[in-house]
Amino acid sequence: MKQPSKNRILILGASGFIGKSLYKELQSYFDTYGTYCSNVAEYASNHAYFRYCVEEDELASILEKVKPSVVISALRGDFKEQLKAHSVLAKYVQEHHFCKLLFLSSANVFDGKFDLPSYESDKPLAESRYGKFKIAVERMLSEQIPAQTTILRLPIVLGVQSPRIAQLRQSIKHKASFEVFPNLTISLTTADKIAQQVHYIISKKLDGIYHLASTDMVHHEDLFREITSKLGDKTPIFKSVYRSNDDSYLAILQKKNKLPQQYRITVAEVIDDCTLKEEIITLKNQL
Ligand SMILES: NC(=O)c1ccc[n+]([C@@H]2O[C@H](COP(=O)([O-])OP(=O)(O)OC[C@H]3O[C@@H](n4cnc5c(N)ncnc54)[C@H](OP(=O)(O)O)[C@@H]3O)[C@@H](O)[C@H]2O)c1
């Protein structure tokens with residue numbers, strides 16, 4: 001099949017927290033389409049969006065309509081059905097030699113080993129169903145379409161619009177409990193930084209495995225205590241949860257595939273993103 005002159009991008013899960021940032025970043029530069037599932041009210045009348053629920057709908061018909069040259073998988077949904085959908089995707093990509101697939105995976109592919117941070121070439125080992133599911137998709141894509149697959153492993157994703165920060169704000173407001181893991185060390189990022197990194201990866205046609213995480217790490221409890229102190233004087237009830245007596249890691253870092261400096265992020269920058277923008281929104285609301 002003839003290669004389209006301009007990249008046509010399909011974001012599966014474009015109505016989600018990360019999908020929205022990806023769509024916002026990419027739509028000015030590429031012919032960009034997306035899917036939504038439950039968020040009918042916001043997207044049903046938008047011609048760039050297709051309704052797609054992994055348990056009910058056929059992905060092949062959307063692929064046939066859009067004919068994407070890049071597919072970004074930012075989905076949630078039933079794991080078994082997602083695995084089937086990714087097999088359909090792999091077949092489409094295999095049959096269209098110009099097509100690339102970017103799969104949003106997770107640091108949870110390493111949640112069965114806690115002793116050290118993990119790098120791109122480390123062998124995944126998961127304990128959770130979620131982590132095992134992500135490993136299964138990574139493996140299938142790497143075996144079937146290795147040269148056309150880019151695996152993007154994400155750590156915890158924060159930012160002023162993130163569900164986790166919204167939950168923290170609610171816990172502060174209602175003086176409710178908020179779980180922290182005092183001996184867990186993590187890396188982290190923001191949805192906006194992921195979107196910039198994905199834009200760069202598409203433009204440079206990069207493949208392989210990328211750890212789109214901060215270049216440094218932080219203790220889970222310290223992180224949320226610092227964000228809380230920057231959000232104001234009030235605090236939630238911090239509930240300390242210990243998985244073991246030893247220090248443990250759910251942290252992915254970069255060794256092999258490092259992006260240029262302007263596409264990297266630090267813990268301090270993520271904290272700023274969760275709190276400085278918050279101050280601006282509060283100020284705007286007060287005007
Ligand atoms: N957020 C994180 O901290 C994080 C960390 C590591 C990896 N990831 C990965 O990044 C990807 C995006 O995560 P996110 O946090 O942006 O998720 P999200 O906010 O829950 O968005 C999920 C997207 O998938 C769609 N979706 C949900 N259920 C579906 C179903 N049954 N069938 C088809 N589509 C469905 C949603 O559509 P509607 O909203 O319209 O229902 C939405 O567009 C996921 O693959 C996740 O595993 C996220």
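The values are calculated or read from the model by the stated rules, or taken from the named source; none is laboratory data. Keep in mind that what you see is a predicted model, and the values were worked out from it rather than measured. Note: ideal-geometry Cβ built from the backbone for every residue, glycine included; neighbour counts use all protein chains shown. Heads up: the accessible areas ignore ligands, DNA and RNA and are worked out on the full protein's heavy atoms, side chains in. Shrake-Rupley method; radii C 1.70, N 1.55, O 1.52, S 1.80 Å.
Lys/Arg Cβ at +1, Asp/Glu Cβ at -1, dipole of region 28-123 taken about the Cα centre: which of 118, 37, 99 is farthest positive-ward?
Farthest along the dipole direction, towards plus: 99.
Helix 267-286 versus the longest principal axis of the chain: what is the Cα-based angle in degrees, 0 to 90, to the nearest 10?
Helix 267-286 sits roughly 80 degrees off the main axis of the chain.
Students often check this: by mean Cβ neighbours within 10 Å, which of 181-190, 214-223 ranks highest, and how do the rest follow? Don't skip to the answer; put the middle values down first.
Values: 181-190: 22.0, 214-223: 18.8.
Put in order of decreasing packing, that is 181-190, 214-223.
What residues have an amide H closer than 5 Å to that of residue 179, excluding those fewer than 5 places away on the same chain, when H is modeled at 1.01 Å from N in the peptide plane?
Close amide H contacts, sequence-distant or interchain: 239.
Specify whether the C-alpha gyration tensor of region 151-207 places it in the rounded, prolate or oblate class, a ≥ b ≥ c being the square roots of the eigenvalues: rounded for a/c under 1.5, otherwise prolate if a/b is larger than b/c and oblate if not. If you can, show how the numbers build up before the last one.
On the way: a/c = 5.23, a/b = 2.15, b/c = 2.43.
Oblate.
Is there a quick way to get the dipole size of the chain? I mean about its Cα centre, with the Cβ of Lys and Arg at +1 and of Asp and Glu at -1; what is the value in debye to the nearest 20? Don't skip to the answer; put the middle values down first.
Numbers: 38 positive and 33 negative charges, 104 e Å.
Result for the chain is approximately 500 debye, rounded to the nearest 20.
With point charges of +1 on the Cβ of Lys and Arg and -1 on the Cβ of Asp and Glu, referenced to the Cα centre of the chain, which listed residue (19, 60, 162) lies farthest in the positive direction of the dipole?
60
How much of the DSSP bridge set in the chain is antiparallel, in percent, rounded to the nearest 5? Display every interim value, and only then the final one.
On the way: 2 of 38 bridges.
Among the beta bridges of the chain, antiparallel pairing accounts for roughly 5 percent.
Sort 266, 149 by accessible area with a 1.4 Å probe, largest first. Walk me through the numbers before you get to the answer.
Numbers: 266 45, 149 5 Å².
Sorted by accessible area, descending: 266, 149.
Could you please report the charge total around residue 246, scoring K, R as +1 and D, E as -1 over all other residues with beta-carbon less than 13 angstrom from its beta-carbon? Each step should come with its number before you reach the end.
On the way: positive: 113, 243; negative: 115, 247.
It works out to a net charge of 0.
With a 10 Å radius around each residue's Cβ, average the other Cβ atoms per peptide and rank 169-179, 65-75, 8-18, 38-48, highest first. Before the final figure, lay out each step's value.
Numbers: 169-179: 14.2, 65-75: 22.0, 8-18: 24.5, 38-48: 11.1.
Ranking the peptides 169-179, 65-75, 8-18, 38-48 by packing returns 8-18, 65-75, 169-179, 38-48.
When a/c reaches 1.5 or more, the comparison of a/b and b/c decides; with that in mind, is region 1-75 rounded, prolate or oblate per its Cα gyration tensor? Mind showing how you got there, number by number?
On the way: a/c = 1.86, a/b = 1.25, b/c = 1.48.
Judged from the Cα gyration tensor, region 1-75 comes out oblate (a/c at least 1.5, b/c at or above a/b).
Which aspartates and glutamates have a Cα less than 16 Å from the Cα of residue 100, not counting those fewer than 8 places away in the same chain?
31, 64, 138, 143, 207
Using alpha carbon centroids, what distance separates region 164-190 and region 123-162, in Å?
Going from one Cα centre to the other spans 23 Å.
Please label the shape of region 220-277 as rounded, prolate or oblate, based on the square roots a ≥ b ≥ c of the eigenvalues of the alpha-carbon gyration tensor (a/c under 1.5 means rounded; beyond that, a/b larger than b/c means prolate, else oblate).
Numbers: a/c = 4.90, a/b = 1.24, b/c = 3.95.
Oblate shape, in that a/c is at least 1.5 and b/c is the bigger or equal ratio.
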